[in-house]
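Worksheet: the structure to be examined is printed underneath.
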Amino acid sequence: VHGATALSPAADLAGRRVVVSAGGTREPLDPVRFLGNRSSGRQGYALAETAAARGASVVLVAANVTLPDPAGVEVVRVATAAELGTAVRTAAADADAVVMAAAVADFRPAEVVDAKIKKGTADPEPLRLVRNDDVLAALVADRSTRGPAGQVVVGFAAETGDSHADWLAHGRTKLAAKGCDLLVVNRVGDGLGFEVPDNAAVVLAPDGAQTEVPLGPKEDLADVVWDLVVARLV
Ligand code: CTP
């Protein structure tokens, strides 16, 4: 039996239902154009795969991701922030944990037209945007209306420092504003962030706890997130 322990994955999420959102939403302007972002979905997919390997029943809400479906995971495909919000909140109703790794558009075009916008000859009109619902904040609100039985809600944030505060301080402010249980903060800017492997992540908790995750594969960060979630499950 030498090595048997190493071969059997920890089943500490067995019997648990988890929801993970991944990818980046697209907000249509017309039938051929959208406002989008550069999220690949890799971190969310790693979270879903890792949770399944640890025994969870997983719903993965995927926004515009081209990666293959992870084995043993229920994948719900969405495009817009509104669709993502509906899918995540529905799946979250009976979930033990929800991890919002998706990059959700804060705004969408105020109007979506049925026919392709033509170049014409007049000066272009400025684009008018309206606010999308904050899905993470809605999850926290949904949970509190359901009563005290705990659901662990995890957010992600990409932060830079600015003249007001450093990136970590912005993360702390966001954790408090969103009211979630954990916030995974990625430092971006200065050559860090999207499409580069060099990503400094720190997981913040409301009690002030701070877990630094060294540079490594997205599965390693995923395992740290699930370790922290498991510690908070009732
Ligand atoms: N998020 C969400 N719904 C939105 C926007 C964001 O659920 N409409 C979630 C993301 O999935 C992520 C977290 O909120 O887990 C942080 O998103 P971020 O865009 O950094 O937060 P904002 O509140 O939009 O703050 P900022 O002003 O820094 O953009």
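The values are calculated or read from the model by the stated rules, or taken from the named source; none is laboratory data. Every value quoted in this text rests on a predicted model; they were computed, and no experiment measured them. Counting neighbours? That spans all protein chains shown, and the Cβs are built from the backbone with ideal geometry, glycine included. Ligands, DNA and RNA are excluded from the accessible area calculation, which covers all protein heavy atoms including side chains. Shrake-Rupley method; radii C 1.70, N 1.55, O 1.52, S 1.80 Å.
Inclusion of Pro206 among residues that are in contact with a helix residue (DSSP H, G or I) (Cβ under 8 Å, 6 or more places away or on another chain), at pLDDT 95 or above and not charged (D, E, K, R) is warranted.
Among the numbered conditions (1) at pLDDT below 95; (2) under 17 Å from Ser39 (Cβ atoms), the only one that Leu215 does not meet is (2). Evaluating Tyr45 against the criteria (1) more than 16 Å from the chain's Cα centre (by Cα); (2) open to solvent by less than 70 Å² (accessible area, probe 1.4 Å) leaves one unmet condition, (1). Among the residues of the range 153-187, those identified as near the ligand (Cβ under 10 Å from one of its atoms), open to solvent by 30 Å² or more (accessible area, probe 1.4 Å) and within 19 Å of Ala222 (Cα to Cα) are Phe156, Ala158. Got at least one residue in the range 53-64 being among the small types (Gly, Ala, Ser) and within 16 Å of the ligand (Cβ to nearest atom)? Taking every residue of the range 53-64 in turn, at least one turns out to be among the small types (Gly, Ala, Ser) and within 16 Å of the ligand (Cβ to nearest atom). As for the range 8-29, it holds at least one residue that is outside any helix (DSSP H, G or I), under 25 Å from Val213 (Cα atoms), among the polar types (S, T, N, Q) and free of Cβ contacts under 8 Å to residues at least 12 places away in the same chain.
Scanning the range 64-81 for residues that are out of contact with any strand residue (DSSP E or B) (no Cβ under 8 Å at 6 or more places or on another chain) and under 27 Å from Glu159 (Cβ atoms), we see that the one that is most open to solvent (accessible area, probe 1.4 Å) is Thr66. Only one of the numbered conditions (1) surrounded by fewer than 23 Cβ atoms within 10 Å (Cβ to Cβ); (2) more than 11 Å from the ligand (Cβ to nearest atom); (3) under 18 Å from Val153 (Cα atoms) is violated by Arg89, and that is (2).
If you check Asn199 against the conditions, is it modelled with pLDDT under 95, surrounded by 13 or more Cβ atoms within 10 Å (Cβ to Cβ) and under 12 Å from Ala157 (Cβ atoms)? For Asn199, the condition - modelled with pLDDT under 95, surrounded by 13 or more Cβ atoms within 10 Å (Cβ to Cβ) and under 12 Å from Ala157 (Cβ atoms) - is not met. Restricting attention to the range 68-92, the residues being under 27 Å from Pro109 (Cα atoms) and part of a loop (DSSP other than H, G, I, E, B) number 2. Could you please let me know if Gly155 is part of a loop (DSSP other than H, G, I, E, B), touching a Leu at 6+ places or on another chain (Cβ under 9 Å) and among the small types (Gly, Ala, Ser)? No; evaluated as a whole, the condition is false for this residue. When the residues of the range 92-110 are filtered to those that are under 20 Å from Val58 (Cβ atoms) and more than 9 Å from the ligand (Cβ to nearest atom), the one that is surrounded by the most Cβ atoms within 10 Å (Cβ to Cβ) is Val98. For the structure I just gave you, tell me whether Gly120 is part of a helix (DSSP H, G or I) and either under 19 Å from Asn132 (Cβ atoms) or modelled with pLDDT under 95 (or both). Here the answer is no, as Gly120 does not meet what is asked.
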